[in-house]
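The values are calculated or read from the model by the stated rules, or taken from the named source; none is laboratory data. These numbers were taken from a predicted model, which means no experiment stands behind them. We place every Cβ from the backbone using ideal geometry, glycine too, and count neighbours over all the protein chains shown. Note: areas computed on protein heavy atoms with side chains; ligands, DNA, RNA excluded. Shrake-Rupley method; radii C 1.70, N 1.55, O 1.52, S 1.80 Å.
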Amino acid sequence: MLTTMLSRARKGAGLVLACALAASLSLGSFALPAYAEVRKADLIMGQSVEERGLSVSSAPSIDATYAMVVDADGAVYFERDADTEAKIASITKVMTAIVALDEAQEGTTVTVSATAASVGESSAELLEGDVLSLPDAIKALLVMSGNDAAEAIAETVGAQLLQAQGQDASDPAVCVEAFVAAMNDKAAEIGMEHSLFCNPHGLDDGEYTGDHHSTARDVATMVSYAMRNQTFRDSVDTPTDTITVQRDGAEATLELESTDLMLGEYEGACGVKTGFTDAAGNCFAGAVNRGAGDVYAIVLNSTDEVQRFTDTEALFDWYFEHCVTYQLAHASQTVSTTINGKAGEYPLIADVALADWVDKTVPATIADPSASVDVFDLDGNVSQEVSYETVTGNVHAGDKVGTLTFKQRNEVIATVDLVAAQDATAPGFFEGIGIWWDRFFRSFSGAPAQAESVLYNDTPLIVDKTTVSAS
């Protein structure tokens, strides 16, 4: 494993970095944070660590200047200066892939120009004159972080965009400009409010010096959008890959090694993109999926190449530590019944008043006693609200008699039906007359006209705040 992962370290890394990486991997994970810290201003679910009174152990300790943890539904769990504009280096290539996959014509092939082959820095080792399919060009772009692939894609797809508008596409530089304009249009379309792309690869010095920037929040938005595309997902979710290029009249196979060192080493890791320049520092947009949907961790400007993965792992570890499964049924008593053909002992959730009677109720349960919901424990404890149906006539086990709604911080997290656990008959004719007279006399005494519904279900604390806030 050590040899494999070392070979995947960024090209051009010196002996010192290689030794540091080797030392960290010998521990079975990435190096312990050298400069990591918890900041009082870091936000947990929209509130600062200080406002929540959290202990250091309850918040992620990372080195990155800017960071965010968010899921595919847009729920934000952690933020550190997530709206501050910063360089993002090769994370830019996520947007390059998005525009290419969204806008390129079907069956597009990419031809590598002399300009593309000579961009320099991170490279997929493409040569002038190479011809490859767009999916293979996307792999070269994302797996190897090829600046050559980025430029070639921009020239090719940019030309198609110009031609579709009836414009001249003979100048490769103009084609790249059209492609970059499409990158910025796409950024605006998907809600990246603080991003500006100046080129398709993310280089930011020398001839590429400019106001190329994004934010941790915008990167999370971009990555979440990109991961909906299966071609993109397949490209970033592999430590190694191969592509085929037409070179000098023959097929050539190029071996690709991902710059994402978490692939195959961290449970559920499935992408997405690294980045580095002197101005941007070491960056990484990572994705993990353990069966309940994607979770993204964005770290910008970590201290070094190893640290960006250490930061990302710390963020994911923290997220999964606090993502807990909360059981909805918590009742001390049970009732024997058959619901939906399944006989057994069910939790006695409530006794629900029968509106036709003065003093009778029907026991109620939920059809799935194991029903649960995943919650983030640091977002507060769960509360419940119950609403009862007006239950009249004959009742059969399994009939809906109410609704339980569960909330966390006033947001609905689950809703389940209360169902009758036993049959109950409506009063007969003469019983009905007796009940009418009973209610008539009760109206003078102030006595209730029917039984009171009682809820037995409990909502245990997820977190004891006295423990969380302890230093």
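For the range 41-138, which fully contained helices (runs of 4 or more DSSP H) count at least 3 residues that are crowded, with 20+ Cβ neighbours inside 10 Å?
It comes to 93-103.
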Checklist entry - Quick one: what pairs do we get from the range 133-158, first residue acidic (Asp, Glu), second part of a helix (DSSP H, G or I) and open to solvent by less than 10 Å² (accessible area, probe 1.4 Å), C-beta under 8 Å, 6+ apart or different chains? => result 148/116; 148/140; 151/116; 155/116; 155/175; 155/179
Item to check | Odd one out for residue 411, checked against (1) at pLDDT 80 or above; (2) over 26 Å from residue 333 (Cα atoms); (3) touching a Pro at 6+ places or on another chain (Cβ under 7 Å) | outcome: (3)
Next on the checklist: Name the single residue that is most open to solvent (accessible area, probe 1.4 Å) among those in the range 268-292 being charged (D, E, K, R) and touching a helix residue (DSSP H, G or I) at 6+ places or on another chain (Cβ under 9 Å).
Outcome noted: 290
Item to check | Long-range neighbours under 7 Å by Cβ, at least six apart or interchain, first residue at positive phi within the range 231-251, second at pLDDT below 95 and open to solvent by 60 Å² or more (accessible area, probe 1.4 Å) | outcome: none
Checklist outcome for this item: residue 440 fails exactly one of (1) among the hydrophobic types (A, V, I, L, M, F, W, C); (2) free of Cβ contacts under 8 Å to residues at least 60 places away in the same chain; (3) part of a loop (DSSP other than H, G, I, E, B), namely (3)
Checklist outcome for this item: Over the range 336-371, the set of residues open to solvent by 60 Å² or more (accessible area, probe 1.4 Å) and either of a type in the set (Gly, Ala, Ser) or assigned to a strand (DSSP E or B) (or both) is 336, 338, 341, 342, 343, 345, 370
Item to check | Meets criteria (open to solvent by less than 10 Å² (accessible area, probe 1.4 Å) and either aromatic (Phe, Trp, Tyr) or in a helix (DSSP H, G or I) (or both)) for residue 183 | outcome: yes
Checklist entry - Within the range 201-224, can one find any residue that is free of Cβ contacts under 8 Å to residues at least 40 places away in the same chain, outside any helix (DSSP H, G or I) and surrounded by 23 or more Cβ atoms within 10 Å (Cβ to Cβ)? => result no
Checklist entry - How many residues are farther than 30 Å from residue 367 by Cβ and either in contact (Cβ under 8 Å) with a residue 40 or more places away in the chain or among the acidic types (Asp, Glu) (or both) when one looks only at the range 413-437? => result 3
